[in-house]
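This report refers to the structure that appears directly beneath it.
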Amino acid sequence: MRKKILFIVFVLMMSTTLHLMAQYATTDSTYKRWFVGSTLFLLGNLATTNSPDFVQLNLGYRITGKDVITLEPKTWKYAWPNGIHPFFNKAYGKAEEEFPGYIREVGLSVAYQRFWWKGLYAELNVMPTRQTFVNIEGGKVDNGFQIFNTYRVGYHVKLFKDRFFLQPAIAITHRPYHTEMPNGFKQLDDKWSKFVFGEPGFHFGVNL
């Protein structure tokens, strides 16, 4: 239910903000170059069961009015394979697909955004992560490494005279590489694709 609510909020925000003027003209030099932010999915930490213990901080710099680079340190844990769509696949959350424990990941994303028309942008986000596999009893099983990419299309909405902004988006996530998982984790993960299509996103931030 929590995931459905977040998805509905995302769709409503997309439908009500697309008409707004958003990004910066190439010749405009008055905009603030630095910003900090995070993601709405921090609300997932309010879940009473299977809380992801999710933390993300976005540190961004506008190279030009249309080119932006962002560093995103983040960490979270999950107990179902990343290949299961959390909104559209009923297998997500099913006991038979649950790992024998969970995976804790710590990563640093490097994201590049290119704005094409008003606030419409495309983004490439590449994140190497360190994985820790934990069993049901809470004991460490193994370590791993993964590269997690996100290919995103979104819209930048300026608020309160460009002091704040929102970025609703839709994405394809991709795991092009990861080390071999331990038994119990590997068998479940191998059943699912390395791609997930149509994953919503919702970043927010403050211009400095």
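The values are calculated or read from the model by the stated rules, or taken from the named source; none is laboratory data. Just so it is clear, the structure is predicted and the values come from calculations on it, not from any experiment. Don't worry about glycine lacking a Cβ; one is built from the backbone with ideal geometry, like all the others, and counts go over all protein chains shown.
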Hey, among 50, 89, which residue is at pLDDT below 95, at positive phi and surrounded by 13 or more Cβ atoms within 10 Å (Cβ to Cβ)? 50
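Each row is one residue, and each column tells you yes or no for (1) out of contact with any Phe, Trp or Tyr (no Cβ under 6 Å at 6 or more places or on another chain); (2) touching a residue at least 12 places away in the same chain (Cβ under 8 Å); (3) not hydrophobic (A, V, I, L, M, F, W, C).
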residue: 67; (1), (2), (3): yes, yes, yes
residue: 72; (1), (2), (3): yes, yes, yes
residue: 86; (1), (2), (3): no, yes, yes
residue: 93; (1), (2), (3): yes, yes, yes
residue: 97; (1), (2), (3): no, yes, yes
residue: 128; (1), (2), (3): yes, yes, yes
residue: 135; (1), (2), (3): yes, yes, yes
residue: 147; (1), (2), (3): no, yes, no
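Working carefully through the options 115, 195, 185, find the one that is more than 15 Å from residue 56 (Cβ to Cβ) and surrounded by fewer than 19 Cβ atoms within 10 Å (Cβ to Cβ).
The unique qualifying residue is 195.
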Enumeration of residues in region 151-208 that are assigned to a loop (DSSP other than H, G, I, E, B) and not charged (D, E, K, R): 156, 160, 179, 181, 182, 183, 184, 192, 193, 208
Just the residues that are of a type in the set (Ser, Thr, Tyr) and surrounded by fewer than 19 Cβ atoms within 10 Å (Cβ to Cβ), please, taken from region 119-173. 132, 151
